[in-house]
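Peer 1: I have a structure here, written as structure tokens, and I will follow up with some questions on it.
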Amino acid sequence: TDLRIGVVGAGAMGADHIQRIATRIAGAVVSAVIEPDAGRAAAAAEHAPGAQVFAKIEDALAAGAIDAALIAVPGQFHLPVLLPALEAGLPILCEKPLTPDTATSLQVLEAEQKLDKPHIQVGFMRRFDAEYADLRELIASGDAGELLMLRCAHRNPDVPESYTQSMLITDSVVHEFDVVPWLAGSPVKSVEVKYARQNPKTPDRLREPILVIMELDNGVLVDLEMNVSVQFGYQVTTEAVFSDSVARIGDPSGLTLWNGARVGRREHTSFTTRFASAYDNEIQRWVDAVRRGDLVDGPNAWDGYLVAASCEAGVRALEQGGVQQVERQPRPAFYA
Ligand code: ISE
């Protein structure tokens, strides 16, 4: 029988997932839309035939309406949804970040460890992008030689008014803090931030672009251009420098047009299209894992905690300068 998913939060990301599950995911249905804003809830529920609407997760749990939860409210509201969902023993897909800081992430780990096995997958969707997966395989195979450096760019056309300076790290670089250790097979040891010349297109409240320099435990050096006012499109690229090769992912692909003495390809303008198939894979693989009883097939809550630890070092680097060490606890056997 189909997995009955309760989608918590019907903002941009939640509404996107509701449509995805309703139209492209096999073996699952959206059985509940959980959203306090009645107008938003009703609009999203239109895409989920048969779904019930609830204002909070506790009501959906009490009604026995869901087998699993997909949490897509903003990160600062994850904890009060995660805790009751864990207590009910539900499998959970939690959009990034797990929680905004290590103290609350540790609280989640503690609650999860009362269950028989990990129940939470964190929505770092880049791991499900085909090119990222290819690059990881290439690195692990050793066929390109030894990995020395990763040179990343993460460019947004612009950001919403709610986007604050520290979100450069906690909302954007957060993705590299997950995917870089996954690619390179080694955790982030330290983080440094340098400010570029200010982009005149950057809103006054922000100071960017920034260059983020990470050192990994295995000595791999990572530089990341984090740039959120580029105007021209949405672009996420990685160049891997090996002992005797270079590999690159994230360039525009598809139809090439020669016209008016120019040659060009379409560029994305948003992560929803750039990572559309990654999101599809992510949700399908999660649904399959839950139906098999594995519950998680991707980054787990421990990975989410490690990212929170890197973000704390990253925000210190952003605000105080210098090279900031990532402080992390030893991994419990539960997450081995
Ligand atoms: C946004 O929240 C995301 O998750 C996007 O993937 C990222 O590119 C963007 O910078 C964030 O604001």
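The values are calculated or read from the model by the stated rules, or taken from the named source; none is laboratory data. Predicted, not measured: the structure shown is a model, and the values here were computed from it. Cβ sites come from the backbone with ideal geometry, for glycine too, and all protein chains shown count toward neighbours.
Peer 1: Please give the helices (runs of 4 or more DSSP H) falling wholly within segment 1-96 in which 1 or more residues are more than 16 Å from Ile120 (Cβ to Cβ).
Peer 2: 12-24, 38-45, 57-62
Peer 1: Pick from segment 161-175 the residues that are near the ligand (Cβ under 10 Å from one of its atoms) and part of a helix (DSSP H, G or I): which of them is surrounded by the fewest Cβ atoms within 10 Å (Cβ to Cβ)?
Peer 2: Within segment 161-175, the match that is surrounded by the fewest Cβ atoms within 10 Å (Cβ to Cβ) is Met167.
Peer 1: Here is a further query. Can we say Phe232 is within 15 Å of the ligand (Cβ to nearest atom), surrounded by fewer than 19 Cβ atoms within 10 Å (Cβ to Cβ) and either touching a residue at least 60 places away in the same chain (Cβ under 8 Å) or not assigned by TED's automatic domain parsing to the domain that holds Arg155 (or both)?
Peer 2: yes
Peer 1: Here's something else I'd like to know. Within segment 176-217, take every residue that is part of a helix (DSSP H, G or I) and away from the ligand (no atom under 16 Å from the Cβ) and give me the one that is farthest from the chain's Cα centre (by Cα).
Peer 2: Ala184
Peer 1: Restricting to segment 149-160, what's the tally of residues that are surrounded by fewer than 14 Cβ atoms within 10 Å (Cβ to Cβ) and closer than 18 Å to Asp223 by Cα?
Peer 2: Residues in segment 149-160 being surrounded by fewer than 14 Cβ atoms within 10 Å (Cβ to Cβ) and closer than 18 Å to Asp223 by Cα: 0 in total.
Matching residues to (1) under 30 Å from Tyr195 (Cβ atoms); (2) within 16 Å of the ligand (Cβ to nearest atom); (3) crowded, with 22+ Cβ neighbours inside 10 Å:
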{"site": "Glu267", "(1), (2), (3)": "yes, yes, no"}
{"site": "Ala276", "(1), (2), (3)": "no, yes, no"}
{"site": "Glu282", "(1), (2), (3)": "no, yes, yes"}
{"site": "Arg291", "(1), (2), (3)": "no, no, no"}
{"site": "Ala313", "(1), (2), (3)": "yes, no, yes"}
{"site": "Arg316", "(1), (2), (3)": "yes, no, no"}
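Peer 1: Looking at this structure, is Leu115 in the same structural domain as Ile283 (by TED's automatic domain parsing), of a type outside the set (Ser, Thr, Tyr) and buried (at least 18 other Cβ atoms within 10 Å of the Cβ)?
Peer 2: For Leu115, the condition - in the same structural domain as Ile283 (by TED's automatic domain parsing), of a type outside the set (Ser, Thr, Tyr) and buried (at least 18 other Cβ atoms within 10 Å of the Cβ) - is not met.
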